[in-house]
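Worksheet: the structure to be examined is printed underneath.
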Amino acid sequence: MHQLTLAEIARGLADKKFSSEELTKTLLARIALLDPQLNSFISLTEDLALQQAKAADARRANGESGALLGAPIAHKDLFCTQGIRTSCGSKMLDNFKAPYDATVVAKLAAAGAVTLGKTNMDEFAMGSANESSYYGAVKNPWNLEHVPGGSSGGSAAAVAARLLPAATATDTGGSIRQPAAFTNLTGLKPTYGRVSRWGMIAYASSLDQGGPLARTAEDCAILLQGMAGFDPQDSTSIDEPVPDYSAGLNGSLQGLRIGVPKEYFSAGLDPRIAELIHNSVKELEKLGAVVKEISLPNMQHAIPAYYVIAPAEASSNLSRFDGVRFGHRCADPKNLEDLYKRSRGEGFGPEVQRRIMVGAYALSAGYYDAYYLKAQKIRRLVKNDFMAAFNEVDIILGPTTPNPAWKLGAKSSDPVAAYLEDVYTITANLAGLPGLSMPAGFVDGLPVGVQLLAPYFQEGRLLNVAHQYQLNTDWHTRTPTGF
Ligand code: GLN
C-alpha cells in the first residue's frame with residue numbers, strides 16, 4: 001500500500017479497496033519502523049491523523065468524493081498547525097505550538113487530507129542540505145551517507161522512502177526543487193502569490209512560496225490544487241483563477257518551444273548531469289517539442305544578489321524572535337539587553353546567526369545602496385532576461401543542480417560552497433516564476449533532476465510537460481533500496 005501515489009490512493013478509496021484509516025495505520029507503522037534511519041519527521045501527529053482518516057472515511061460513506069479526501073500527507077514544519085508544535089527546525093521555536101492553522105494547512109484539511117506529521121527542515125529554511133536543523137540532519141534514502149537536499153529535506157526523504165505519497169514544502173531559493181532532484185521526486189515551486197503564505201513562517205517574504213513535493217507530476221497537480229488560490233489574509237496573494245491542474249495534464253507537446261540557456265552548461269556543471277539533461281531534451285523532442293538555445297546573460301549575478309536579498313529580509317523577519325513574545329527565552333536574564341542577546345544567541349543556530357548578521361549589515365546606513373539596492377537592481381535584470389526569453393519559448397529547461405547530493409558534512413564548514421549549488425534554482429525566486437524539478441536519471445546511484453521554468457501562472461504547463469515526460473520515461477518510478 002505504501003507504494004501508491006496520491007492518484008492511485010484516490011482511486012483505491014473511491015473503489016473501496018481500502019479505507020483511509022487502514023492506509024493511515026499502515027503508513028504510521030512504516031514511519032515508526034523506517035524513519036529512525038532517516039530522521040525525516042520532527043513531530044508525528046498520530047491522533048490527529050486517525051481522527052482525520054475516520055472523518056474522511058465517513059465523508060466518503062456519505063457520498064462525498066475528492067482526490068485528497070482521505071489522502072495521507074505531511075507538512076514541512078514551518079506551516080503553522082494549531083495546537084501542534086511548529087518548530088521551523090529551530091531551538092527558538094522548540095516549544096512553540098501554533099495558535100492557528102496556516103491557510104495551506106486549513107485548505108488541505110478541508111479537502112480531507114490526513115496529516116501524519118511535521119517534517120524536518122533546515123533551521124528557518126536556510127540551507128541546501130537539511131543539516132542546519134536543530135533536530136539533526138536528514139539522510140537521503142538513496143544513500144544514507146548523503147544529504148537529501150534542503151531546506152525541505154524531511155518532506156523529500158519521507159516521500160522518496162515511501163513513508164507517505166506527498167508532502168508540502170516551501171521554496172525560497174530552491175528548497176522544493178533541489179531536494180526533489182536529490183531524492184528522485186517531482187517538486188513544484190508555484191508563481192509567487194499563487195499559494196498563500198499566511199501562517200507559513202517567513203524566511204525571505206518576497207521569495208518564499210509553498211508548493212507540493214510528490215513522486216509524480218500527476219500527484220503534484222492534485223496537491224497543488226488543494227494548496228493554491230487567493231487568500232485575503234496574505235497581502236501578496238494574487239487573485240487569479242486556479243485552473244483544474246489534473247484536467248490539464250494530457251495536452252499535446254506538439255510544437256512546444258523549449259529554450260535551453262547556454263549559460264547553464266558552464267564549467268561548474270557535472271558533465272554526467274549535462275548528458276542526462278540532453279537526454280531529457282531528446283525525449284521531449286520525440287514528443288513533438290522544438291528546442292532552441294537561449295541566453296540568460298545575468299544569471300552569473302544571481303547568487304550574490306540572492307545572498308544579499310534573502311538574508312536582508314530574514315534579518316528583518318527574524319527580529320520578532322526576541323525571547324519576549326514567543327520562542328526560546330534564556331534563563332535568569334540580568335536586564336532587557338541580556339535577555340535579547342542570550343535568548344537569540346541560544347535559540348538560533350550558526351547558519352541563522354550568520355544570515356541575520358549579513359542581512360543587518362547589508363541593510364545598514366552606508367551599505368544599503370552598495371549592497372541591498374544593487375542586489376535589487378540585479379533582481380530586475382534577472383527578471384528582464386526571463387521576460388525576453390519567454391517571448392521566444394514556452395518553457396525553459398536545464399539542470400536543477402550542478403551536482404548530485406553531496407556527502408553529509410561535506411559542505412557544512414564552507415557555507416559559500418553550499419550557496420553556489422543554488423545557481424540554477426534561485427533565479428526563479430528572484431523573478432517570482434514557477435519552476436518544477438523532475439527525475440531525469442542517476443549518477444553514481446544518486447538521482448538527478450531536470451528543471452522546467454514557465455511564465456507567470458503557467459504551473460499547468462509545467463505539470464503537463466512533466467506528466468507527458470513521465471508517461472514516456474520510468475525514472476520517477478525507481479525506488480531506493482531498503483525502502
Ligand atoms: N539554499 C537556499 C538558502 O539557503 C534556499 C533555501 C530555500 O529555498 N528555503 O537560502
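Since every read-out is calculated from the coordinates, none of them should be taken as a lab result. Remember, it's a predicted structure, so these values are computed and weren't measured experimentally. Counting neighbours? That spans all protein chains shown, and the Cβs are built from the backbone with ideal geometry, glycine included.
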Can you grab the distance from the C-alpha centre of the stretch 73-135 to the C-alpha centre of the stretch 328-390, Å, no decimals?
22 Å
Can you list residues from other chains, or at least 5 along the same chain, whose modelled amide H is less than 5 Å from the amide H of ILE294?
VAL260, LYS262
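At 0.36 nm per residue, and after removing the present C-alpha to C-alpha distance, how many nm does the segment from GLU275 to GLU145 gain when stretched out fully?
Values: separation 130, 0.36 × 130 = 46.80 nm, distance 2.50 nm.
Gain on extension, GLU275 to GLU145, equals 44.3 nm.
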Which three semi-axes in whole Å describe the equivalent ellipsoid of the stretch 95-149, each the square root of 5 times a Cα gyration tensor eigenvalue, listed largest first?
26, 15, 9
For the stretch 95-190, just run the numbers: alpha carbon Rg, then divide by 2.2 N^0.38 Å, N being how many residues it has.
1.05
Antiparallel bridge percentage (DSSP; both residues within the chain; nearest 5):
70 percent
Note, the stretch 448-457: 3J(HN,Hα) by Karplus (6.51, -1.76, 1.60, θ = phi - 60°), whole Hz, Gly/Pro = x, goes 10, x, 10, 9, 10, 10, 9, x, 3, 6
PHE230 long-range amide H proximity, modeled H, under 5 Å
GLU240
Take SER65 and GLN233, extend 7 Å from each Cα along the Cα→Cβ direction, and tell me the distance between the two endpoints in nm.
3.1 nm
If amide H atoms are modeled at 1.01 Å from N in the peptide plane, then the residues at a separation of 5 or more from SER90, or on another chain, having amide H under 5 Å from its own are PHE124, TYR134
Dimensions in Å of the chain - Rg and Dmax from alpha carbons:
21.1, 70
Paramagnetic reach from ASP47 in the stretch 84-120 [backbone N under 14 Å; point 7 Å along Cα→Cβ]
84-85
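What is the gain in length, in nm to one decimal, between GLU22 and TYR100 on full extension, counting 0.36 nm per residue of separation less the C-alpha to C-alpha distance?
On the way: separation 78, 0.36 × 78 = 28.08 nm, distance 2.84 nm.
That works out to 25.2 nm of additional length.
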Treat each spin label as a single point 7 Å out from the Cα along the C-beta direction, and report the PHE442 to THR479 distance in nm.
1.4 nm
Computed over the Cα atoms of the stretch 222-373, what is the convex hull's projected area averaged over all directions, in nm²?
15.0 nm²
Of LYS25/LYS411; LYS189/LYS282; LYS118/LYS377; LYS97/LYS189; LYS17/LYS118; LYS91/LYS262, those spanning more than 31 Å from alpha-carbon to alpha-carbon:
LYS25/LYS411; LYS118/LYS377; LYS91/LYS262
Is the C-alpha gyration tensor of the stretch 296-430 telling us rounded, prolate or oblate? Criteria: a/c under 1.5 is rounded; beyond that, a/b larger than b/c is prolate, otherwise oblate.
prolate
Given labels modelled 7 Å from the Cα in the Cβ direction, how far is it in nm from MET1 to ASP322?
5.0 nm
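What does the extension gain come out to for GLU392 and SER364, with contour length at 0.36 nm per residue minus their alpha carbon separation?
Values: separation 28, 0.36 × 28 = 10.08 nm, distance 4.06 nm.
Here the segment from GLU392 to SER364 would lengthen by 6.0 nm.
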Shape verdict for the stretch 61-112, please, from the Cα gyration tensor: rounded (a/c under 1.5), prolate (a/b greater than b/c) or oblate.
prolate
